[in-house]
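The values are calculated or read from the model by the stated rules, or taken from the named source; none is laboratory data. Only a predicted model underlies this, so the values are computations on that prediction, with no experimental measurement involved. Glycine also receives a Cβ, built like all others from the backbone with ideal geometry; neighbour counts cover every protein chain displayed.
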Amino acid sequence: MSRAKVHPLLKNLTTKLSGKTSVLILGPLPVQQERLQAICKKTKPEVVLYVDGGLIHKKKFLINKKIVHLSLGDGDSSLAPELLLPAEKDFSDLAFGLSGLTDKALSKVALLGFSNETEKRPDHLIQNLGEVYKFVERRKLALSMDQFLFFPAGKNEFFYRGTFSLFAFAKTAIRLTGKARYQIPEWKMLEPFSSLGLSNIGNGKIYLENKKTVMVYRAGENII
């Protein structure tokens, strides 16, 4: 089924998200409590959106009555969500959820539970990265998805201590300075998934300038 045929469901979602400035999206994979608390402190979500199996995390938020809880999916890995999508469709549950984040008031988005070291479906991870990339391109918002950071075109910065790699989805010019061992002080072209940005080491605040959306993978150390 195409997105056009589920338009009433999408309209329902966008209505529920209207006027909200911060959203946390939770997927079906395990999430460390420390990481969850750190993201909530940083994002201060007004809405928690549970994507299909992400409903397993809902009990962690029941104590906070101010947060709006929404769930969506085709039900193949969870209890029946509020917005039940068709099982046969040409888009993922996450893609549907991201398509509902259209309000101009939205300024903070974070995703957890979509990637970890035990991931058994790399195809799901790859398409999730693609959907998040398209969302960042469209909304021009920096966001995190587990150990990945996405930055839209412009001047960006992030704080990190440990190994990281920088990737582009489309050819783009970049500059990388600050507390990175291997800096790129002059503009240089980064090809899609080139090894140019592979295995750098951060030791504090890192400054990044990019002409198109890029992605940073944090290899696991000190991710808060």
Just one of Phe164, Phe135, Phe114 is closer than 20 Å to Ser199 by Cβ and either at pLDDT 95 or above or in a loop (DSSP other than H, G, I, E, B) (or both); which is it?
Phe164
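I'd like the full set of residues that are on the phi < 0 side of the Ramachandran plot, part of a loop (DSSP other than H, G, I, E, B) and touching a residue at least 12 places away in the same chain (Cβ under 8 Å), limited to the stretch 30-48.
Pro30, Val31, Pro45, Glu46
Which of the residues belonging to the stretch 138-161 are on the phi > 0 side of the Ramachandran plot, out of contact with any Pro (no Cβ under 8 Å at 6 or more places or on another chain) and either modelled with pLDDT under 95 or not in a strand (DSSP E or B) (or both)? Can you show your working first?
To start, the set of residues in the stretch 138-161 that are on the phi > 0 side of the Ramachandran plot comprises 140, 146, 154.
Subset that is out of contact with any Pro (no Cβ under 8 Å at 6 or more places or on another chain): 146, 154.
Listed by number, the list holds a single entry, Asp146.
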Here are some conditions: (1) out of contact with any Leu (no Cβ under 6 Å at 6 or more places or on another chain); (2) at pLDDT 90 or above; (3) within 23 Å of Gln147 (Cβ to Cβ). Pro45 meets all but one. Which one does it not meet?
(1)
For Asp52, which of the numbered conditions (1) on the phi > 0 side of the Ramachandran plot; (2) modelled with pLDDT of 85 or more fails to hold?
(2)
